[in-house]
Structures are given as C-alpha cells and as structure tokens.
Amino acid sequence: MISKLFRSNPTYRKYLVQLLGKFTNKLDKNIVTNMYHMIKQNEPDEKIVNFIQKNRIGMEELKSEPRASRISNVLFQFLKKDLKPNIGAYLDIGCNNGLITVELGKKLNLKSSQIYGIDVEDFSGQKIIPVGGFVFSSYDGYNIPYTDDYFDLVTCLMTLHHIKHIDIILSEIKRVTKKHGLVLVKEHNAYSEEIDWLIFLKHLFYDVMDYNITYEEFIKTYFQKCYSKNQLVELFKKYGFELVKLSGKKFLNRYHYSNPTQTFYALFTKN
Ligand SMILES: C[S@@+](CC[C@H](N)C(=O)[O-])C[C@H]1O[C@@H](n2cnc3c(N)ncnc32)[C@H](O)[C@@H]1O
C-alpha cells in the first residue's frame, strides 16, 4: 500500500515523504536512498516499515508540552466565542496522558478539580501515565464513569476513529453532557478510500516508531473506522446534537493544507 499510494498522486506522495521524513535521519543519504528504492521496487509495507524502524534515529516528541500548547491554543480559539462564562466541569475523552486536556483547562481558567480526562487502560500496548493536574480515570472504552448532565464541555480529540461502537459512545457523550453544553470534536476527514489508507499508514508509522511495537503487533491490535466530515456531522445530529460550527478553510494552518488527511474541528451543542 505504501508503494501504491506513493505512486498514485503527488499530494499523497508529498504527505508520505513528510511522514517518512519524521522517522528517518534525513541526513543519512544511504537510509533514505534505500527506503525510496524499496518503495519503487514495490516492496511490501511490512518490509518498508521494519527497515525504517530499524534505522530510526530521532523523532518529534509526540507527547511534548509545546505540541500540547499549540493544539490547545487552536482549540481555544475555535471554541471561545461559543463558551458560556461559567464552566463547572470539562471532560476530555481519549485524553491519553492529559497534556492537551490540562493546557485547555488552564486556558478556560478551570481548577484541576474541574478538569476530567478518561481513556482506556492501554492502547497499542501502551500504559497511559497521566501528567497530573486533572482528574484521570481509565474506563472500559464505552461506559463513561460520570453521572448524567455533568459536563458543560466535552472534547473528543482524534479518538472517535479508534472506537468500534460509535453509537454507544455518542449516546454516552449525550448522557453526560449538560443541556446546552458543548461537545468539541477533532477528527480526520476521511472522504475517500485513499485518505483512509493514508490515515492508517500515519498510525502505523507513529505506533511502530513511537511505541516501538512490531509491524505484526500493530496489525493484530490496531482498529480504525474513519468518517468523512459530513458523515460525522450526520451521526452527531442523529444522536440529538446540533452543529454549532465547523472549521473552515480560513481556520486551517499551513500544516493542514499540506496534509491530505485534513484534520477538522466540529462544535456541537446538546439540545
Ligand atoms: C490518537 S490518540 C489522541 C490523544 C489525544 N486526544 C490527542 O489529541 O493527542 C487516541 C487516543 O484514543 C484513546 N482511545 C482509544 N479507544 C478509546 C475509547 N474507547 N475511549 C476513549 N479513548 C480511547 C487511545 O488510548 C488514545 O489515547
């Protein structure tokens, strides 16, 4: 699939080069030459990925504070006009270690006791180590461990596409959100099969590089069900949410433009 997508379209090729460039030492010409040779030769994904993993040197720290600060800034800018003045409780579903959760909570002027995050026990074989400064709970991935109408704001960032039964989680989000509360979603816009594949490959590269799991382990455990922007909006409407706004082109930064998987933000309210 890597080779096929690489040849299929210049935008996909550019994106794959960006992704691959993150995981290889760009200065080591031998590694890069060998990698592109393998792609040209139509080698299977497993062989290409194992080669990159073996030769990886440094990579961007995915769970870094600068990244969390950058992302929470974007979220806050997107949200702020629609926020009500007094947020009692904020929940982040799929919070991972909570860096983004806490950063956004601080921008909302919340105390640690008002910032909540939940995630599954382990994902891609990785145990989550919460950063602190918020109330973390691990849960079964479906039954949100809070009472009805508890949260004024719920975020679910780059997480919905990892959840098998979206119907269950959407009813749960609805249950725990207060009437007129806000739900902010960040997702990939998977509007074609090729984009779905690019998203899959992105996760494959990140997981084998960042978590150092093998290609076989990844294939066994990984789950993805992506939606297009429109599909996701329709799903939320079906579960009783009203769309407040979607991120438009003006909102996207340069990285989003060069990224064909087109991450987007959608804000909903519970009626
Ligand atoms: C791509 S990470 C996103 C992490 C963080 N929200 C961010 O935007 O950087 C996806 C997260 O979804 C979590 N996850 C997977 N299944 C989940 C579920 N059923 N409920 C909540 N979180 C889940 C994973 O553990 C992981 O932390």
Condition check for THR147: near the ligand (Cβ under 9 Å from one of its atoms) and either open to solvent by less than 20 Å² (accessible area, probe 1.4 Å) or not in a helix (DSSP H, G or I) (or both): no
Considering residues of segment 119-134 that are near the ligand (Cβ under 9 Å from one of its atoms) and in contact with a Gly (Cβ under 8 Å, 6 or more places away or on another chain) only, the residue most open to solvent (accessible area, probe 1.4 Å): VAL120
Lone unmet requirement of (1) closer than 30 Å to LEU5 by Cα; (2) open to solvent by 20 Å² or more (accessible area, probe 1.4 Å); (3) at pLDDT below 95 for HIS165: (3)
Those strands (runs of 3 or more DSSP E) lying entirely in segment 176-271 with at least 1 residues exposed (fewer than 13 other Cβ atoms within 10 Å of the Cβ) and modelled with pLDDT of 90 or more: 177-187, 241-246
Residues located in segment 62-78, provided they are away from the ligand (no atom under 13 Å from the Cβ) and touching a Lys or Arg at 6+ places or on another chain (Cβ under 9 Å): ASN73, PHE76, PHE78
Some residue of segment 44-51 being in the same structural domain as TYR211 (by TED's automatic domain parsing), modelled with pLDDT under 75 and open to solvent by less than 70 Å² (accessible area, probe 1.4 Å): no
Leading residue by the ranking (least open to solvent (accessible area, probe 1.4 Å)) among those in segment 78-88 that are out of contact with any Asp or Glu (no Cβ under 9 Å at 6 or more places or on another chain) and charged (D, E, K, R): ASP82
Residue match in segment 159-169 (condition: part of a helix (DSSP H, G or I), more than 10 Å from the ligand (Cβ to nearest atom), on the phi < 0 side of the Ramachandran plot and over 14 Å from the mean Cα position of the chain (by Cα)): yes
Whichever residue in segment 89-113 is open to solvent by 40 Å² or more (accessible area, probe 1.4 Å) and more than 16 Å from the ligand (Cβ to nearest atom) and, among such residues, is farthest from PRO66 (Cα to Cα): SER113
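The values are calculated or read from the model by the stated rules, or taken from the named source; none is laboratory data. Predicted model, so just to flag it, every value in this text is computed and none were measured. Neighbour counts run over all protein chains shown; Cβ positions are idealised from the backbone, glycine included. With ligands, DNA and RNA removed, areas are computed over all heavy atoms of the protein, side chains included. Shrake-Rupley method; radii C 1.70, N 1.55, O 1.52, S 1.80 Å.
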